[in-house]
Amino acid sequence: MSPVTAAFWAIQQSGQNDPATIDALISRLSFPNDPLWLTGDVIGALSAVTDKRFAYDIAAWQDWWQSCAPEWIVSDP
């Protein structure tokens, strides 16, 4: 497992849903050279910590985060 995929797994397993982490994951969705499997790992982590299911709809993830980021409240994992 690469350090990047291990980080996504750790975020998912720990329920780390602070705004900085979610923002970093949303930003990672825009990396143009990431393979689809890596984007899937990001989406898996996002889905786990946000309870949102936008699958591979990157625009939906970005729109959702833009609309709720200012009010995002961290819930206990």
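Rule-based calculations on the coordinates, nothing more; no lab input. Not measured: the values here are computed from a predicted model. Glycine gets a Cβ as well: all are built from the backbone with ideal geometry, and neighbour counts include every protein chain shown.
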Q. In region 8-41, what residues are hydrophobic (A, V, I, L, M, F, W, C), crowded, with 16+ Cβ neighbours inside 10 Å and assigned to a helix (DSSP H, G or I)?
A. 8, 11, 22, 25, 26, 38
Q | Members of region 42-77 that are loosely packed, with under 11 Cβ neighbours inside 10 Å and assigned to a helix (DSSP H, G or I) | A | 59, 66, 67, 70, 71
Q) Does any residue in region 23-41 that is touching a residue at least 24 places away in the same chain (Cβ under 8 Å) come within less than 8 Å, Cβ to Cβ, of a residue that is charged (D, E, K, R) and part of a helix (DSSP H, G or I) six or more places away or on a different chain, and which pairs are these? A) none
Q) Only one of these conditions is not met by residue 51: (1) over 23 Å from residue 2 (Cβ atoms); (2) in contact (Cβ under 8 Å) with a residue 24 or more places away in the chain; (3) not basic (Lys, Arg). Which number is it? A) (2)
